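Only one structure is covered here, and it is reproduced in the block below.
The values are calculated or read from the model by the stated rules, or taken from the named source; none is laboratory data. As the structure is a prediction and not an experimental result, all values here were calculated from the model. Neighbour counts run over all protein chains shown; Cβ positions are idealised from the backbone, glycine included. Areas reflect the complete protein model, heavy atoms only, side chains present, ligands, DNA and RNA absent. Shrake-Rupley method; radii C 1.70, N 1.55, O 1.52, S 1.80 Å.
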Amino acid sequence: MGQFEYAMVLVSIIVGLGITHILLGIGGIIDRLSRKEDRLELSLAHLTWLGYCFSWLVMFWWWEYRLSSRVTDWTMGLYLFLIAYSVTLFLLQAVLVPRTWDGVTSLKDFFLERRMWFYSLLLVGTVLDQIDSYLKGGFEYLLNTGVMSLSFNALSVFVAIIGVMTTKMRFHNVMGVLFFGWQILIGFGNLETLAS
């Protein structure tokens with residue numbers, strides 16, 4: 001095993017825990033919807049942001065293999081950066097999934113109560129993503145991601161700021177659908193092979 005594989009072990013565990021937490025959350029939602037009493041009120045914003053987080057975790061793990069082709073000497077700083085990025089992605093989804101379902105009757109209310117944490121982590125994750133892109137190829141790589149990608153990342157800053165402040169579900173619904181749609185259509189549509 002090379003330096004990269006050793007470095008990715010802990011990162012992969014953190015990403016795996018995040019995906020597991022999301023899947024357990026979906027299982028909890030299904031369980032609550034199956035009950036005749038104490039049913040759960042769903043939320044478009046909650047579900048689309050959860051889907052967005054899931055896809056970001058998957059794509060983060062995939063894209064880090066591009067980093068392995070660019071970095072020849074791994075440093076503790078780079079390793080800690082990857083751990084911080086993966087922990088941020090874990091926390092991003094962790095605020096969306098209740099650790100216990102006791103007292104949770106509405107995913108809309110649950111989302112609104114945690115929106116400050118969610119959007120703050122979204123902002124941190126976006127900044128870390130830009131740093132990660134820079135590490136993969138410098139400013140040239142960042143610019144080659146395209147105007148749409150750069151614009152979307154800039155939009156993320158404003159979405160995070162507004163998201164923290166507003167309780168209007170229309171905003172959270174539209175942004176959740178927009179971000180999840182962007183991630184699926186553009187993100188997965190442009191994935192390179194691991195050999196690239």
Hey, what do the phi angles of the stretch 100-108 turn into as Karplus ³J(HN,Hα) couplings, whole Hz, using 6.51/-1.76/1.60 and θ = phi - 60°, x for Gly and Pro?
-> 9, 8, 4, x, 8, 10, 9, 6, 5
Please work out how much length the chain gains when fully extended from S151 to V71, using 0.36 nm per residue of separation minus the C-alpha to C-alpha distance, in nm with one decimal.
-> 26.1 nm
Note, N153: beta-carbon cut-off 12 Å, +1 each Lys/Arg, -1 each Asp/Glu, net -2
With axes computed from alpha carbons, what is the tilt in degrees of helix 147-165 against the longest principal axis of the chain, rounded to the nearest 10 within 0 to 90?
-> 40 degrees
The summed charge of the L82 Cβ neighbourhood (under 9 Å; Lys/Arg +1, Asp/Glu -1) stands at -2
Got a sec? Charge dipole of the chain, +1 on Cβ for Lys and Arg, -1 for Asp and Glu; which of Y65, Y6, L50 is way out at the positive end?
-> L50
Solvent-accessible area per residue for the stretch 1-90 at a 1.4 Å probe radius, Å²?
-> 50 Å²
If we count every other residue with Cβ under 14 angstrom of R114's Cβ, Lys/Arg +1 and Asp/Glu -1, where does the sum land?
-> +1
With the contact rule set at Cα under 8 Å and sequence spacing of 6 or more, what percent relative contact order holds for the chain?
-> 31 percent
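Would you work out what percent of the accessible area of the stretch 1-114, with all protein chains in place, is carbon or sulfur (probe 1.4 Å)?
Carbon plus sulfur share of accessible area: 62 percent.
Which three numbers, in whole Å and largest first, are the semi-axes of the equivalent ellipsoid of the stretch 25-167 derived from its Cα gyration tensor as √(5λ)?
Values: eigenvalues 220, 58, 31 Å².
In descending order, the three semi-axes are 33, 17, 12 Å.
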How do I184, I14, I30 stack up against each other in accessible area, from largest to smallest, with a 1.4 angstrom probe?
-> I30, I184, I14
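Given a cut-off of under 8 Å on Cα pairs at least six residues apart, what relative contact order in percent is computed for the stretch 84-163? All intermediate terms of the calculation are to be shown ahead of the outcome.
Details: 46 pairs, mean separation 27.8, N = 80.
Dividing the mean separation by the residue count of the stretch 84-163 yields 35 percent.
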Scan around W74 for amide H atoms under 5 Å from its own, H built in the peptide plane at 1.01 Å from N, and keep only partners 5 or more places away or cross-chain.
-> none
Charged-residue dipole, Cβ positions (Lys, Arg, Asp, Glu), the stretch 92-168 about Cα centre, Debye nearest 20 | 180 debye
Where does the stretch 36-109 land on the Kirkwood hydrodynamic radius, alpha-carbon pairs, in angstrom?
-> 14.8 Å
Which residues' amide hydrogens lie under 5 Å from the amide hydrogen of E41, considering only partners 5 or more residues apart or on another chain, with H built in the peptide plane?
-> S106, L107
